[in-house]
Each structure stands twice: as C-alpha cells, then as structure tokens.
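First comes the structure, then the notes that go with it.
The values are calculated or read from the model by the stated rules, or taken from the named source; none is laboratory data. Quick caveat, the model's predicted, so the values are computed rather than measured. Glycine gets a Cβ as well: all are built from the backbone with ideal geometry, and neighbour counts include every protein chain shown.
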Amino acid sequence: MHLIGTILIGFFIGLLAKWLHPGKENMGFILTVLLGIGGSFLATYAGQMLGLYQPGQGAGFIGAVIGAIILLAIYGAVAKKS
C-alpha cells in the first residue's frame, strides 16, 4: 500500500509543482503527473535512505514537492535544448 500511496501523492505533487514552478513548459497533463510521481519517488526514498525523515512525516511531502520541481526544471532545460 505504501507504493500506491506514493503514486497517489505523486499525482497531486505533480499538479502542485507545476503550479509553483515558474515558466511555461509545453507539457501535457500526463507528463506533469509522471514528473510528479517521479519527484515523489525520488524525494521519498532518497530522503528516507539519507535519514532526513521517517515514513509518514510531513517533511516527506515537502521533499516530494521539491523533487518534482527539480524534475520539472530539468525537463524544461532539456526540452529547450531540443
């Protein structure tokens, strides 16, 4: 259930990160959600492995938002070069 929860939270994280991230990337809804899920996975498991927070703490949600924004910024930089 933890994996499904991370995916569901990643869905909302992707929407929130897209709203918070400045600039305009021409990406669709599905790509936004996938980047949010990726950021959620990245921040959730990396933060726990590094001992920054434990499962269920609010810092994991904040970390997931930051991870998704980082992925959005990377995508924006790569998409502009193409």
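What to note about this one:
- Meets criteria (out of contact with any helix residue (DSSP H, G or I) (no Cβ under 6 Å at 6 or more places or on another chain) and either hydroxyl-bearing (Ser, Thr, Tyr) or at pLDDT 75 or above (or both)) for Leu52: yes
Matching residues to (1) of a type in the set (A, V, I, L, M); (2) touching a residue at least 24 places away in the same chain (Cβ under 8 Å):
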{"residue": "His2", "(1), (2)": "no, yes"}
{"residue": "Ala17", "(1), (2)": "yes, yes"}
{"residue": "Phe29", "(1), (2)": "no, no"}
{"residue": "Leu35", "(1), (2)": "yes, yes"}
{"residue": "Leu52", "(1), (2)": "yes, no"}
{"residue": "Gly58", "(1), (2)": "no, no"}
{"residue": "Gly63", "(1), (2)": "no, no"}
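- Conditions (1) surrounded by fewer than 17 Cβ atoms within 10 Å (Cβ to Cβ); (2) of a type outside the set (Val, Ile, Thr); (3) within 19 Å of Phe12 (Cβ to Cβ); number of the one not met by Leu42: (1)
- Number of residues in the range 55-79 that are surrounded by fewer than 17 Cβ atoms within 10 Å (Cβ to Cβ), modelled with pLDDT of 80 or more and not hydrophobic (A, V, I, L, M, F, W, C) equals 0.
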